[in-house]
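K.L.:
Here you go, one structure.
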């Protein structure tokens with residue numbers, strides 16, 4: 001089984017920042033790459049950025065045409081700086097087009113104007129109750145599948161199909177908003193006929209919720225399988241690495257030869273040292289000298305003291321026993 005190298009594409013799940021805080025988004029799989037490139041160009045060519053660049057170019061041209069002098073040099077430097085700043089600002093805006101949607105109160109984000117046109121946010125479904133948890137689970141599952149190392153072993157079309165199925169599920173869920181509002185309105189009406197309509201509408205909504213739960217289970221199954229394969233890959237990598245490292249260790253025979261060689265070293269040194277001592281008549285080493293009489297006395301004295309102490313103790317016991325008998 002060969003593994004595939006998926007082409008570099010836009011990751012379908014992104015962590016983005018919005019005016020109301022950070023959130024995760026699921027990109028629309030039906031938008032081609034050419035349109036995304038066009039949106040990046042549009043994001044980089046904002047009016048303020050373009051005007052700053054044009055002003056810098058005009059200032060630099062006027063400074064170059066005015067001749068030499070401090071004013072001309074200063075104007076030329078300012079123009080070049082303005083052009084550089086505008087280029088950097090355009091590149092920065094284009095690079096953060098999908099991750100930063102904070103554009104100020106007067107300029108709302110173009111990509112976030114219509115819900116579901118370019119992406120869905122996980123917070124787009126917070127008003128749908130328990131379904132919002134399923135949405136977050138699906139978005140997280142798509143992101144994990146596309147980031148997983150196991151993706152290189154899967155047909156590239158499988159993660160894309162998971163992305164498309166999840167997107168369709170979110171689109172269907174988004175279309176149930178009006179039905180959910182209708183269910184709440186009908187449930188509040190005391191009329192029995194209207195109550196029957198509320199039951200029918202609620203059943204229709206429950207069908208979609210049940211289908212969404214099934215999609216969540218199937219996507220979770222895909223995630224579990226990729227996690228299991230990741231664990232296998234990790235185990236194989238660790239096994240290969242361990243075998244390679246252990247193979248580089250010295251063998252038992254080499255270690256035994258090393259210890260035997262080290263064991264012979266003190267004997268050789270002792271032979272040379274004792275020979276040098278004999279030649280120079282330096283005398284015996286401390287461990288070769290016989291113990292002195294004083295050291296023998298110190299060793300014998302504690303024994304005598306202990307014997308004398310034991311004898312005096314025995315005599316004292318005998319004296320006490322004799323007094324008791326008398």
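The values are calculated or read from the model by the stated rules, or taken from the named source; none is laboratory data. Note that the structure is a prediction, hence the values are computed from the model and not measured. A quick note on method: Cβ atoms are made from the backbone with ideal geometry, for glycine too, and the neighbour counts reach across all protein chains shown.
K.L.:
Exactly one of (1) in a helix (DSSP H, G or I); (2) farther than 30 Å from residue 43 by Cα is unmet by residue 155. Its number?
P.N.:
Status for residue 155: all satisfied but (1).
K.L.:
Among the listed residues 253, 200, 211, 275, which satisfies the condition of being exposed (fewer than 10 other Cβ atoms within 10 Å of the Cβ), modelled with pLDDT under 95 and in a helix (DSSP H, G or I)? It would help to see each step written out before you state the result.
P.N.:
Working: 200 fails: exposed (fewer than 10 other Cβ atoms within 10 Å of the Cβ); 211 fails: exposed (fewer than 10 other Cβ atoms within 10 Å of the Cβ); 275 fails: exposed (fewer than 10 other Cβ atoms within 10 Å of the Cβ).
That would be 253, the only listed residue that is exposed (fewer than 10 other Cβ atoms within 10 Å of the Cβ), modelled with pLDDT under 95 and in a helix (DSSP H, G or I).
For (1) modelled with pLDDT of 85 or more; (2) under 32 Å from the mean Cα position of the chain (by Cα), each residue gets a yes or a no:
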{"site": "9", "(1), (2)": "no, yes"}
{"site": "20", "(1), (2)": "no, yes"}
{"site": "32", "(1), (2)": "yes, yes"}
{"site": "45", "(1), (2)": "no, no"}
{"site": "75", "(1), (2)": "no, no"}
{"site": "98", "(1), (2)": "no, yes"}
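K.L.:
Can you pull out every residue in the range 214-224 that is surrounded by fewer than 17 Cβ atoms within 10 Å (Cβ to Cβ) and either outside any helix (DSSP H, G or I) or in contact (Cβ under 8 Å) with a residue 60 or more places away in the chain (or both)? Before you say what the answer is, go through the steps one by one.
P.N.:
At the first step, the residues of the range 214-224 found to be surrounded by fewer than 17 Cβ atoms within 10 Å (Cβ to Cβ) are 214, 217-218, 220-221, 224.
The answer is 220, and nothing else.
K.L.:
Go through the range 141-152 and give me each residue that's crowded, with 16+ Cβ neighbours inside 10 Å, touching a helix residue (DSSP H, G or I) at 6+ places or on another chain (Cβ under 9 Å) and in a helix (DSSP H, G or I). Spell out the reasoning first.
P.N.:
In the first step, residues of the range 141-152 are kept if they are crowded, with 16+ Cβ neighbours inside 10 Å; the result is 141-146, 148, 150-151.
The next check asks that each one be touching a helix residue (DSSP H, G or I) at 6+ places or on another chain (Cβ under 9 Å); those that pass are 141-142, 144-146, 148, 150-151.
Within the range 141-152, 141, 142, 144, 145, 146, 150, 151 qualify.
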